[in-house]
Ligand SMILES: *Cc1c(COP(=O)(O)O)cnc(C)c1O
């Protein structure tokens, strides 16, 4: 596929697309329309957590395709009930709302927090504290919640009621809580924002402050959820429970679906007519969730991700130790960032041209998001390719200096 096609595209140019068109995916591998093969360490941005076309999900969806695709949420949808039961049985949540994306899940969380305060508590509080460098989505409310100016440019007026605090800064958080504060919304690992982990001491202070001030804790697990960090949900690493959390990316193995999960006390805030989605949790979407979640839970995929992540991080640390372009390697499970001393965009391109797909997280960070069933041999191959690219870049930089 050539660049000319992009120039004539009838699509909005919202993405600076790579000049590559993929036509087939299987496990850890993708093939483009020229027959080139790629080792996929980006997974559609943490979506295909079980690899491409995983058999249990493919089989379940194929069967469901022959039975029923869509029915309104005005009907009982057994697959949706069952998917919700599975997710609540394996998390701290008691109730689930299905939607179609991460932004929609976060939008639902924001609405639920506001409505709980207004309809259930009658507190009159509506403000939500979020964090600098966060990413919560592209709808008006979720881009406002996002702590990055670049996603807001040109979209004013933005909804009111959001306030931003530096990530991992307990004193700033405490100072920002006021009489209008209703909730705090946070990622356990800021993924788009550069792969920055929430500090455990900070998270425990945050949980404590939420108790003290009657605030809801909303955790955005859109990227970190479904085993990505080595636990089913990343907040499990911290031994604390959110009041609300959201998932989407890895939830349906690539079938577009999101979910907002919450504690029982929040159930009554979302009564009939309060919120909805035509496509949320249709038989097809719920089948994708059910098959994905059953596989991830039944095969203890989070433990496999933890093990593979430890191996990948160790290999990277060892092989990149002397590379002057590499500042730090960080992350949790199979959400790993390599922070470099300069912009990494061209290096990501160089890796792709050698058959390895990785992605950036901010200008200077290379982000690795392989599927959670990635093998050691595949990790070795990816590490060899990436370290080769970075070694060459370091050499080029040295000759230029
Ligand atoms: C990707 C992402 C979103 C937005 O999800 P969409 O499905 O693109 O709407 C929200 N929060 C986090 C943490 C994400 O990584």
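Summary of values
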quantity: Distance from segment 334-357 to segment 15-44 (C-alpha centre basis), Å; calculated: 15 Å
quantity: Relative contact order of the chain, pairs being alpha-carbon contacts under 8 Å that are 6 or more residues apart, as %; calculated: 22 percent
quantity: 0 to 90° range, to nearest 10: angle between helix 200-213 axis and the chain longest Cα axis; calculated: 20 degrees
quantity: Gained length - residue 17 relative to residue 72, 0.36 nm times residue gap less alpha-carbon distance; calculated: 16.3 nm
quantity: For 29, 69, 347, order by how many other beta-carbon atoms lie within 10 Å, fewest first; calculated: 69, 29, 347
quantity: Angle in degrees between helix 78-89 and the longest Cα principal axis of the chain, rounded to the nearest 10; calculated: 80 degrees
quantity: Full-stretch length increase - residue 354, residue 307 - with 0.36 nm per residue and alpha-carbon distance subtracted; calculated: 14.3 nm
quantity: Value in Å of the Kirkwood radius, where segment 295-401 supplies the Cα pairs that are averaged; calculated: 14.2 Å
quantity: Estimated FRET transfer efficiency (residue 140, residue 53; beta-carbon r; R0 35 Å; 0.05); calculated: 0.50
quantity: For segment 271-299 versus segment 131-156, the gap between their alpha-carbon centres in whole angstrom; calculated: 26 Å
quantity: Cα convex hull volume per residue for segment 55-298 (Å³); calculated: 123 Å³
quantity: Span from the segment 157-198 Cα centroid across to the segment 84-105 one, whole angstrom; calculated: 22 Å
quantity: Residue exposure sequence - 304, 37 - by fewest surrounding Cβ within 10 Å; calculated: 37, 304
quantity: Protection proxy ranking, peptides 212-219, 286-293, average beta carbon neighbours within 10 Å, highest first; calculated: 286-293, 212-219
quantity: Computed [θ] at 222 nm, deg cm²/dmol, the chain (DSSP H ≥ 4; -39,500 (n - 2.57); rounded to nearest 500); calculated: -11000 deg cm²/dmol
quantity: Convex hull per residue volume in Å³, alpha carbons only, for segment 196-239; calculated: 75 Å³
quantity: Angle in degrees between helix 301-320 and the longest Cα principal axis of the chain, rounded to the nearest 10; calculated: 40 degrees
quantity: Gain upon complete extension [residue 150, residue 172; 0.36 nm per residue less C-alpha separation]; calculated: 5.6 nm
quantity: Rounded to 5, percent antiparallel among DSSP beta bridges of the chain; calculated: 65 percent
quantity: Proxy reagent accessibility, fewest Cβ within 10 Å first, across 99, 43, 210; calculated: 210, 99, 43
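Read the figures in this text as sums done on the coordinates, not as results from a lab. Everything numeric here is computed off the predicted structure, so don't read it as measured data. Cβ: placed from backbone, ideal geometry, glycine included. Neighbour counts: every protein chain shown.
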